[in-house]
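Please read the structure below before turning to the comments.
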Amino acid sequence: MANTNVSGLVAAVALPRPALVPQWMAQLHVPAVGIGLVSANRTARIKVYGELSKGIPAPQNTVWGSRELGDAVGLLLNENSEERSTLHLVNLFTKLAMPDTAFGDPIGVLSRMARPHNKRDGIYVFKPHDTEKHLFTTVGDFCKLLTYINKSEIVTTDWPNDWKQLADQERIIHRAAGNGASHTILLLPQQKQALVIFTNSDGGDKVEEHILNAMGINIL
């Protein structure tokens, strides 16, 4: 494990040993996990673990999605109205060349989507009206968005309520779990670094904690 100081990720940060993440996933009934690292405001590492379904490995461009993820991004970009926020974000996704990122119906990407699961391996069923406010994205696309946010002045102003500024005051974090998905988003704008972890299970937040601990990252 790399020597990672508590206020950053450092450029050479290592992911947990290869056998550990699948072990935690099996223990906590998490079918798939995606990790993205940004360093020097560029995507430095993408790693996806697990399966989309029995015997079908999750590819690097696996699609992840949840309403909480859309809320997190919308709040951070600080758009006042819901309609304006969605329109602004869609235009931003196009500008940043994020082809696999969108709100709404995931039907076009179901073949590589990490479908949401509960803690007992049951799949949640998406209904069309339930996904309108869901944000769907890949780890690679999302790293582009984190780089954009790091470069902007957004993260030097007021933090939205759902985002937490950590004790060192150099990092902000957003975590959410439920409805068959979870995520951890960590931004370090002064160091031009960021980390994102996606999972497709209610128990994914516990896997994320194991990953952060194994990487030596303190989120207190």
Can you tell me which residues in the stretch 48-63 are crowded, with 16+ Cβ neighbours inside 10 Å and either at pLDDT below 95 or touching a Leu at 6+ places or on another chain (Cβ under 9 Å) (or both)?
Ala58, Thr62, Val63
For the stretch 112-133, give me the residue count where each residue is in contact with a Lys or Arg (Cβ under 9 Å, 6 or more places away or on another chain) and not in a loop (DSSP other than H, G, I, E, B).
2
Which condition number does Met1 fail, the rest of (1) under 26 Å from Lys164 (Cα atoms); (2) touching a helix residue (DSSP H, G or I) at 6+ places or on another chain (Cβ under 8 Å); (3) modelled with pLDDT under 80 being met?
(1)
Between Thr131, Thr86, which is β-branched (Val, Ile, Thr) and in contact (Cβ under 8 Å) with a residue 60 or more places away in the chain?
Thr131
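Table: residues versus (1) out of contact with any Asp or Glu (no Cβ under 6 Å at 6 or more places or on another chain); (2) crowded, with 18+ Cβ neighbours inside 10 Å; (3) at pLDDT 80 or above.
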site	(1), (2), (3)
Asn80	yes, no, no
Leu92	yes, no, yes
Lys95	yes, no, yes
Phe103	yes, yes, yes
Leu110	yes, no, yes
Arg115	yes, yes, yes
His129	yes, no, no
Counting just the residues of the stretch 132-190 that are modelled with pLDDT under 85 and hydroxyl-bearing (Ser, Thr, Tyr), which one comes out surrounded by the most Cβ atoms within 10 Å (Cβ to Cβ)?
Ser152
Look at the stretch 30-40 and say how many of its residues are surrounded by 18 or more Cβ atoms within 10 Å (Cβ to Cβ) and either among the small types (Gly, Ala, Ser) or part of a loop (DSSP other than H, G, I, E, B) (or both).
6
Cross-chain or 6+ apart pairs with Cβ under 6 Å, the stretch 180-208 first and touching a residue at least 24 places away in the same chain (Cβ under 8 Å) and on the phi > 0 side of the Ramachandran plot, then surrounded by fewer than 24 Cβ atoms within 10 Å (Cβ to Cβ) and part of a strand (DSSP E or B):
Gly180/His117
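The values are calculated or read from the model by the stated rules, or taken from the named source; none is laboratory data. Computed from a predicted model, the values in this text were never measured in an experiment. Using ideal geometry, Cβ is built from the backbone for each residue, glycine included, and neighbour counts are taken over all protein chains shown.
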